[in-house]
Amino acid sequence: MLVILALIILFHVVSAVLLLISTINNAWWTLGEISVDLWQRCNGTNPCIATDAKDYKGFVQTVQASMILSTILCCVGFFVFILQLFRLKQGERFVFTAIIQLLSSLCVMTGASIYTAEHLNFHSDLKDGQYGSSFILAWLAFPFTLFSGLMYLVLRKRK
């Protein structure tokens, strides 16, 4: 039981780290030395310029909000799991933690999907670019959080 518990905690922490890196790192879209994320555009020679949300018709704000919410929910879910670990009676399931983790999964999927659908509107002058590492990490965080939420649904507190 301790091995399963350690693996679940490790899996949840990896999910949170993936979400943090994908939300903060400046590499959602790249073209040569230019890298763009949800917050700013950086050139290798010039300082970074903040993203103007007015230019993107609110799409970038939706992606920003869903990624932040996903990260917050994942971290809150971890603390709720720790609390439930000590508070739940034997035989009960971690349903509340599972719901929070599944909501986190839904938020990261929403943010990454909107970015995928609207990336040409975000970067009309960088159409020849490609998705960066943060975008890929966001899509990797989706199955991690989804699987973690499903594991919590199945997990039952034992002795």
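The values are calculated or read from the model by the stated rules, or taken from the named source; none is laboratory data. Just so we're clear, the structure is a prediction, and the values are computed from it rather than from any experiment. Every residue, glycine among them, receives a Cβ derived from its backbone with ideal geometry; neighbour counts consider all protein chains shown. Quick note on the areas: whole protein, heavy atoms, side chains included, nothing else; ligands and nucleic acids left out. Shrake-Rupley method; radii C 1.70, N 1.55, O 1.52, S 1.80 Å.
Which of the residues belonging to segment 11-45 are of a type in the set (Asp, Glu) and either at pLDDT 80 or above or within 22 Å of GLY58 (Cα to Cα) (or both)?
Applying the first criterion (of a type in the set (Asp, Glu)) to segment 11-45 yields 33, 37.
The one that is of a type in the set (Asp, Glu) and either at pLDDT 80 or above or within 22 Å of GLY58 (Cα to Cα) (or both): ASP37.
When segment 93-139 is filtered for residues that are among the polar types (S, T, N, Q), surrounded by 17 or more Cβ atoms within 10 Å (Cβ to Cβ) and outside any helix (DSSP H, G or I), nothing remains. Among the residues of segment 1-10, those identified as among the β-branched types (Val, Ile, Thr), closer than 15 Å to ILE82 by Cα and either modelled with pLDDT of 80 or more or open to solvent by less than 60 Å² (accessible area, probe 1.4 Å) (or both) are ILE8, ILE9.
If I filter segment 141-153 for residues that are open to solvent by 40 Å² or more (accessible area, probe 1.4 Å), at pLDDT below 90 and either among the basic types (Lys, Arg) or in a loop (DSSP other than H, G, I, E, B) (or both), do I get at least one hit? No. Of all the criteria given as (1) more than 18 Å from ALA138 (Cα to Cα); (2) open to solvent by less than 30 Å² (accessible area, probe 1.4 Å); (3) not in a helix (DSSP H, G or I), the one not satisfied by SER35 is (1).
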